[in-house]
Amino acid sequence: MTLRVAVPNKGQLSEPARAMLREAGYLRSAGQRELMVNDPDNDVDFYFLRPKDIATYVGQGTLDLGICGRDMLVDSGAPVAEVIELGFGHSTFRLAAATGTTSVDGKRIATSYPGLLQDWLERTGTEATLVRLDGAVENAVGLGVADAVADVVDTGNTLRQAGLTVLGEPLLFSQALLVRPAGNGDPDAKEQTFVRRLQGVIVARAYVMVEYDISQDLLEAASAITPGLESPTVAPLSKPGWFAVRAMVERASVHRVMDELFELGARAILVTDIHACRL
């Protein structure tokens, strides 16, 4: 049976989701305005849907997998399970109010994420009136519709530009997720392959391949600097007493690792991107 996958058709998750799928070998010929794309080579149908609807479609079992934000997942209340975090679309759900406000107890809170806000109110025992709005809520306080707002933001600058002060810590940390119907049994082979490909992209983005030459007396110390995922690959060079070493290194720390290797005595240190992998 063809695997059915939901992809955001707009918003901050749309293009990063498409990019990840292309890196995983899908959507190679998909246009920007198509509602559905069949990928016959991989036996997958992709449906481009409103981001807020994806969890609902997946939760009902209409679709097998979907890419959506944790904020929209919680807001929907749909019965879906998180499969993996995808590493993009980071944001926070935050409260903001007029300067001088310290609590939202007894206040009117405007939001376009009523499910998300209601979940937080119930978990914390906060008494407040929920004002549901569609779209931007930054002007709700200034126009007298509410005393505070709750919104999904990246940095919170938009709220501050509207004259609001962000209150406390984020109510929720969000990022893009791959989700499936809750209680849907074990994934079949196509779903496992899909998940494995995305995991390969995530790892390939997080790591680079480091290669260098090192003398035998320094090999053990160099291997400690670049242990790799299992162990480094070591091969003898034609020059007696010298070895070539290859190892995966976290991208974020690669320059520090290169410095340490050079100071140790390694030479010909090279770094290359990893475009795909299976671990």
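The values are calculated or read from the model by the stated rules, or taken from the named source; none is laboratory data. The shown structure was predicted, so the numbers you read here are calculated from the model rather than taken from an experiment. Quick reminder, even Gly has a Cβ in these numbers, built from the backbone with ideal geometry, and neighbours come from all protein chains shown. Accessible surface areas use protein heavy atoms only, side chains included; no ligands, DNA or RNA. Shrake-Rupley method; radii C 1.70, N 1.55, O 1.52, S 1.80 Å.
Each residue of region 262-274 is assigned a 3J(HN,Hα), and the resulting list reads 5, 5, 5, x, 6, 9, 6, 7, 10, 10, 10, 6, 9 Hz, derived from the Karplus form 6.51 cos²θ - 1.76 cosθ + 1.60 (θ = phi - 60°), x at Gly and Pro. Against the criterion of solvent-accessible heavy-atom surface with a 1.4 angstrom probe, Lys107, Lys239 sort, most first, into Lys239, Lys107. Net charge of the neighbourhood of Ser174, taken over other residues with C-beta under 9 Å away and scored Lys/Arg +1, Asp/Glu -1, is 0. Kindly express, to the nearest 10 degrees and within the range 0 to 90, the angle between helix 14-23's C-alpha long axis and the longest C-alpha principal axis of the chain. Orientation of helix 14-23: about 20 degrees from the principal axis.
When region 124-279 is described by a simple charge dipole with +1 on each Lys and Arg Cβ and -1 on each Asp and Glu Cβ, the residue from Val166, Gly144, Val249 located farthest towards its positive end is Val249. The listed residues Met258, Met36 rank as Met36, Met258 when sorted by accessible area, largest first, using a 1.4 Å probe.
Taking the charge dipole of region 181-244 about its Cα centre, with +1 at Lys and Arg Cβ atoms and -1 at Asp and Glu Cβ atoms, the residue from Gln216, Pro187, Ser231 reaching farthest to the positive side is Pro187.
Entry comment: accessible area of the chain is 52 Å² per residue, from protein heavy atoms only and a probe of 1.4 Å.
Rolling a 1.4 Å probe across all protein chains gives Ile214 an accessible area of roughly 0 Å². Just one of [x] 19.4; [y] 18.7; [z] 21.9 is Kirkwood radius over Cα pairs in Å as worked out from the coordinates here. Which one is it? Here Kirkwood radius over Cα pairs in Å agrees with entry [z].
For the chain, the longest principal axis of the C-alpha atoms and the axis of helix 114-124 are separated by about 90°.
Ranking request for peptides 8-19, 85-96, 184-195, 56-67: highest mean number of other beta-carbon atoms within 10 Å first, then the rest in descending order. Please list the in-between numbers first.
Details: 8-19: 18.3, 85-96: 20.2, 184-195: 14.0, 56-67: 21.9.
Put in order of decreasing packing, that is 56-67, 85-96, 8-19, 184-195.
Of the GluC sites (Glu not before Pro) in region 120-149, the ones in a loop by DSSP (not H, G, I, E or B) with at most 10 other beta carbons within 10 Å are Glu127.
Please list, or write none, the lysines whose alpha carbon is within less than 17 Å of the alpha carbon of Lys52, excluding same-chain residues fewer than 8 places away. Output for Lys52: Lys10.
For Thr56, what is the net charge nearby, where nearby means another residue's Cβ is under 13 Å from its Cβ and Lys, Arg count +1, Asp, Glu -1? So the environment of Thr56 carries a net charge of 0. Each Cα pair under 8 Å and six or more residues apart adds its sequence gap; the mean of these over the residue count of region 1-154 is a relative contact order of 21 percent. With the highest mean first, a sort of the peptides 168-180, 242-254 on other beta-carbon atoms found within 10 angstrom per residue produces 168-180, 242-254. What you get for the chain, charging only the Cβ of Lys and Arg (+1) and of Asp and Glu (-1), is a dipole of about 500 debye around the Cα centre.
Relative contact order for the chain: what percent, with Cα pairs under 8 Å and sequence separation of 6 or more?
Numbers: 534 pairs, mean separation 52.7, N = 279.
Relative contact order comes out at 19 percent.
With Cα atoms defining each centre, region 127-185 and region 261-276 are spaced 44 Å apart in the structure. As a fraction of the 1.4 Å probe accessible area of the chain, surface on carbon and sulfur atoms comes out at 49 percent. Here the relative contact order of region 148-243, from alpha carbon pairs under 8 Å that lie six or more residues apart, stands at 18 percent.
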